[in-house]
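All remarks here apply to the structure that follows.
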Amino acid sequence: MNKINFVSVPVALFSSVFLFSVSALAQGYPLTGTKDQSTTVLGEQIVYPTSGKAVLTSSIIIMKPGETTIAHRHGAPLFAYVLEGEITVDYGSFGKKTYKQGESLIEAMNVSHYGTNSGQDMLRLLVLYIGAEGTNNVVPD
């Protein structure tokens, strides 16, 4: 397996674009495509870590075609948005799901999974971990 490259991006991008509910916005705010979710892609209830002070960690995951992550879980909720390419995530007995450019998801937390760039082009996946001090965002299996 190849290593994955992480590139940090400003957290302000998420707070101003992705995290607000349409119902909570003032009329005239230029926001489209929002949705409220309380569960992950596998139906797990979103649970925020309480191990310490709240920490938002943002990154862009970059993967070459055919590149695969390690098997892992998440210790904190993870929002992801496919900027370019596509990724297929294998959730074991829960099956596989493919996410393409322009799609977003709240990733599984307690189910081991791994992702593969299943497209012909580079994958750029914008991620936001909604964690806390002392919480491991990625837990290798």
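The values are calculated or read from the model by the stated rules, or taken from the named source; none is laboratory data. What you are looking at is a predicted structure, and each value in this text was computed from that prediction instead of being measured. We place every Cβ from the backbone using ideal geometry, glycine too, and count neighbours over all the protein chains shown.
Filtered by the rule that a residue be on the phi > 0 side of the Ramachandran plot and exposed (fewer than 15 other Cβ atoms within 10 Å of the Cβ), region 75-115 gives Gly92, Gly95, Gly102. Quick one: would you say Ser118 is of a type in the set (S, T, N, Q) and touching a helix residue (DSSP H, G or I) at 6+ places or on another chain (Cβ under 7 Å)? It is false that Ser118 is of a type in the set (S, T, N, Q) and touching a helix residue (DSSP H, G or I) at 6+ places or on another chain (Cβ under 7 Å). From the list Glu107, Glu67, Glu86, Glu44, the lone residue that is within 15 Å of Tyr129 (Cβ to Cβ) and at pLDDT 90 or above is Glu107. If the condition is being of a type in the set (Val, Ile, Thr) and either in contact with a helix residue (DSSP H, G or I) (Cβ under 8 Å, 6 or more places away or on another chain) or assigned to a strand (DSSP E or B) (or both), then region 55-88 contributes Val55, Thr57, Ile60, Ile61, Ile62, Thr68, Val82, Ile87, Thr88.
For region 89-129, which residues satisfy the criterion of being in a loop (DSSP other than H, G, I, E, B), farther than 21 Å from Pro140 by Cβ and either free of Cβ contacts under 8 Å to residues at least 60 places away in the same chain or in contact with a Leu (Cβ under 9 Å, 6 or more places away or on another chain) (or both)? Gly95, Gln101, Gly102, Glu103, Ser118, Gly119, Gln120, Asp121 - these are the residues of region 89-129 that are in a loop (DSSP other than H, G, I, E, B), farther than 21 Å from Pro140 by Cβ and either free of Cβ contacts under 8 Å to residues at least 60 places away in the same chain or in contact with a Leu (Cβ under 9 Å, 6 or more places away or on another chain) (or both).
Restricting region 130-139 to residues that are in a strand (DSSP E or B) and over 12 Å from the mean Cα position of the chain (by Cα), the residue that is nearest to Pro65 (Cα to Cα) is Val139. Flag: Ser112 does not match the condition of being under 24 Å from Thr32 (Cβ atoms) and in contact with a helix residue (DSSP H, G or I) (Cβ under 7 Å, 6 or more places away or on another chain).
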